[in-house]
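Remarks on the structure that follows.
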Amino acid sequence: MKKILLSLALLCLGFYAMAQDATKVLFIGNSYTEVNNLPQLVKNVAESARFDVSVMANTPGGCTFRQHCTNQSMDLIRQGGWDFVVLQEQSQYPAFPQSQVDNEVFPYAWELAKAVKNVGARPMFYMTWGRKDGDQQNGQIFPPIATYEGMDSLLYERYMYMATTNEASVCPVGRVWRYIRENHHSIELYQADGSHPSMAGSYAAACAFFVMIFHQPTDLITYDAGLDSATAQIIRNVVNDIVYDHYDLWYDPANYDPNEGGDDPLSISDADAALSRIYPNPATSQAAIEGHFEILDAMGRILISGTDRADLSSLPQGVYIVRRPGATERLIKQ
């Protein structure tokens, strides 16, 4: 009986949604948004759930936030009439050394978000994912991004920071991918290049955007994007668990604490629990760090290596990167 009532309630929600004006979404990004036509996938997913959405996009290959601030994107934003504007940075930039991100990413994220808010729309940052095997080329200069776990963790941290400091939302696609990677190994999220999304990867993103835009569970979605029904159902279930069940964190991450993880559903997983095994943090002269570790500066230079305990007395105050097998974390030296 409960299942029948739930089905009727969801059906009623769907009919109500179709009676409303179309929700207008502008996607600003690059090939991660362009591949598999993510905006159209979002539209297809939403319409299958009986929600009306109008989409537009500007997605030149490799385009950065800095470039979007000076190209057609700003003109599109300033046209107004949008409900949401999705902002996706170039896939590697947010994971680069902190000083570089401070100069080349954050100021332009602020400029774009400000323009979005000026026309009465909600900025929503598109949290992307680490490359399948990390960023091998740039990892030679900045070792923390040489692994998937390291790159993905930095992307998560930087996108959460952008959302928090710009009073914006974030669509945690990278978090959905991470859960699928850890728990559903048969689902291939990547194309052969180990970077761009497969159709399964883009479908996961589309379902996550549906939840973030309409604040509805994926139970309403009937569109499978050509995937086999079992795979599509797994993806929708994961999106419910990661995105819908923690919607408040992603929609308004004002209370996000990078040291505690907030309500992040992956903060207690094996992969991410490994990121919190530093005590105390911030630290002064000594820190306990479980297992073998390396402490790096913002340029990726190894300053200290050891096992279980670090003598920090030689380091000036600042923020450092602690690298351990399969994990990276920030260490604050006071």
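The values are calculated or read from the model by the stated rules, or taken from the named source; none is laboratory data. Since we're looking at a predicted model, the values are computed, not measured. Cβ placement follows ideal geometry from the backbone for every residue including glycine, while neighbour counts extend to all protein chains displayed. Accessible surface is based on the protein model in full, side chains and every heavy atom, while ligands, DNA and RNA are left aside. Shrake-Rupley method; radii C 1.70, N 1.55, O 1.52, S 1.80 Å.
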Next item on the list: Mind counting the residues in region 169-197 that are without any contact (Cβ under 8 Å) to a residue 60 or more places away in the chain and either part of a loop (DSSP other than H, G, I, E, B) or within 13 Å of the chain's Cα centre (by Cα) (or both)?
Entry: 10
Note to self: I want to confirm something. Restricting to region 153-198 and keeping residues that are open to solvent by 40 Å² or more (accessible area, probe 1.4 Å) and out of contact with any helix residue (DSSP H, G or I) (no Cβ under 9 Å at 6 or more places or on another chain), which single residue is modelled with the lowest pLDDT?
What the structure shows: 185
Check: Only one of (1) among the hydrophobic types (A, V, I, L, M, F, W, C); (2) at pLDDT 75 or above; (3) surrounded by 13 or more Cβ atoms within 10 Å (Cβ to Cβ) is not met by residue 271, so which one is it?
Finding: (2)
Next item on the list: Within region 84-110, track down each residue that is buried (at least 17 other Cβ atoms within 10 Å of the Cβ) and acidic (Asp, Glu).
Entry: 89, 104
Check: Do we find a residue being in contact with a Pro (Cβ under 9 Å, 6 or more places away or on another chain), part of a strand (DSSP E or B), on the phi > 0 side of the Ramachandran plot and of a type outside the set (Phe, Trp, Tyr) anywhere in region 311-318?
Finding: no
Check: Of (1) touching a residue at least 12 places away in the same chain (Cβ under 8 Å); (2) surrounded by fewer than 23 Cβ atoms within 10 Å (Cβ to Cβ); (3) in a helix (DSSP H, G or I), residue 144 satisfies all except one. Which?
Finding: (2)
Next item on the list: Could you list all residues from region 117-152 that are of a type in the set (Gly, Ala, Ser) and either more than 17 Å from the chain's Cα centre (by Cα) or at pLDDT below 95 (or both)?
Entry: 120, 121, 139, 146, 150
Item checked: Test: residue 30 is polar (S, T, N, Q), more than 17 Å from the chain's Cα centre (by Cα) and either modelled with pLDDT of 95 or more or open to solvent by 70 Å² or more (accessible area, probe 1.4 Å) (or both) -> no
Note to self: Considering only region 113-124, I want to know if a residue exists there that is of a type in the set (A, V, I, L, M), closer than 23 Å to residue 247 by Cβ and surrounded by fewer than 22 Cβ atoms within 10 Å (Cβ to Cβ).
What the structure shows: yes
Checklist line | Flag for residue 213 being within 30 Å of residue 114 (Cα to Cα) and among the hydrophobic types (A, V, I, L, M, F, W, C) | finding: yes
Note to self: Looking only at residues that are surrounded by fewer than 21 Cβ atoms within 10 Å (Cβ to Cβ) and within 18 Å of the chain's Cα centre (by Cα) in region 60-83, which one is nearest to residue 115 (Cα to Cα)?
What the structure shows: 64
Next item on the list: Restricting attention to region 279-307, report how many residues are in a loop (DSSP other than H, G, I, E, B) and either among the hydroxyl-bearing types (Ser, Thr, Tyr) or touching a Leu at 6+ places or on another chain (Cβ under 7 Å) (or both).
Entry: 4
Notebook entry, point to check: All but one of (1) open to solvent by 60 Å² or more (accessible area, probe 1.4 Å); (2) out of contact with any strand residue (DSSP E or B) (no Cβ under 7 Å at 6 or more places or on another chain); (3) more than 19 Å from residue 33 (Cα to Cα) hold for residue 251; which doesn't?
Noted result: (2)
Next item on the list: Filter region 125-141 down to residues that are in a helix (DSSP H, G or I) and of a type in the set (Gly, Ala, Ser), then give me how many there are.
Entry: 1
